[in-house]
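Novice: Quick one: this structure, given as structure tokens, is what I'll be asking you about.
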Amino acid sequence: FLLGGISNAGTIHGDDYGINVHDNSSIGGEGHEGILNSGEISGSTGIFIGGEGTSVTGGIDNTGSIDAGFTGIHIDSSASLTGGITNEDGASIVGNDGSDGYGIVISDNSSVTGGITNEDGASIIGGNVGGEGSVYGIGIVLSDSSLTGNIENSGNISGGSTGIYFYNPPKNQRKRHL
């Protein structure tokens, strides 16, 4: 449990995860920020929040770069994020493995409260947009989860296949799709 937040103005890199909040972990609390990035976060997944009982309070605020090999931000497996996701002017959230990838994924009974805001001059990109070989890149995915608040876009949300994708699979197909 981290009462407070993570603030990055430099570089955070991991081959698998830039930041991994997992299995009953929590960040933030009343009056505290969640994850603030004005630098660079990179990994196969830039920011992962996953596992039942895992929570981040204070949201994710990006003014820098979240540049991931596959998924920029992934909230998964009954995790919760309170405070939403804000991608500010000039910032980018990119998931691209050369063909596929996801900008933001909220999946497997997870919840985000506070919406997703992509400001003017900001980008959320999944996959190799405009390039050859992108079969399944998606900017934002909401799969079998809840998002309370709006998706507000004044910038660029793009996917090699789909910009914004909502999917609620039958119970026997969950976790196989993403």
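The values are calculated or read from the model by the stated rules, or taken from the named source; none is laboratory data. Small disclaimer: the values here were computed from a predicted structure and weren't measured. Note: ideal-geometry Cβ built from the backbone for every residue, glycine included; neighbour counts use all protein chains shown. Areas reflect the complete protein model, heavy atoms only, side chains present, ligands, DNA and RNA absent. Shrake-Rupley method; radii C 1.70, N 1.55, O 1.52, S 1.80 Å.
Novice: Could you list, in sequence order, all residues of segment 1-40 that are modelled with pLDDT under 95, over 16 Å from T54 (Cβ atoms) and either small (G, A, S) or not in a loop (DSSP other than H, G, I, E, B) (or both)?
Specialist: Those that are modelled with pLDDT under 95, over 16 Å from T54 (Cβ atoms) and either small (G, A, S) or not in a loop (DSSP other than H, G, I, E, B) (or both): G4, G31.
Novice: Within segment 51-85, track down each residue that is crowded, with 20+ Cβ neighbours inside 10 Å, of a type in the set (V, I, T), in a strand (DSSP E or B) and in contact with a Ser or Thr (Cβ under 6 Å, 6 or more places away or on another chain).
Specialist: T57, T71, I75 - these are the residues of segment 51-85 that are crowded, with 20+ Cβ neighbours inside 10 Å, of a type in the set (V, I, T), in a strand (DSSP E or B) and in contact with a Ser or Thr (Cβ under 6 Å, 6 or more places away or on another chain).
Novice: Quick one: which residue in N96, N128, N109, N118 is crowded, with 24+ Cβ neighbours inside 10 Å and either at positive phi or modelled with pLDDT under 95 (or both)?
Specialist: From the options N96, N128, N109, N118, the qualifying one is N96.
Novice: Now for a different question. Does segment 18-31 include one or more residues that are open to solvent by less than 10 Å² (accessible area, probe 1.4 Å) and under 12 Å from the mean Cα position of the chain (by Cα)?
Specialist: no
Novice: In addition: With hydrophobic (A, V, I, L, M, F, W, C) and either at pLDDT below 95 or over 12 Å from the mean Cα position of the chain (by Cα) (or both) as the only criterion, which of I66, I104, I140, I151 stands out? Let's see the steps before the verdict.
Specialist: Details: I66 fails: either at pLDDT below 95 or over 12 Å from the mean Cα position of the chain (by Cα) (or both); I104 fails: either at pLDDT below 95 or over 12 Å from the mean Cα position of the chain (by Cα) (or both); I140 fails: either at pLDDT below 95 or over 12 Å from the mean Cα position of the chain (by Cα) (or both).
Just one listed residue meets the conditions, I151.
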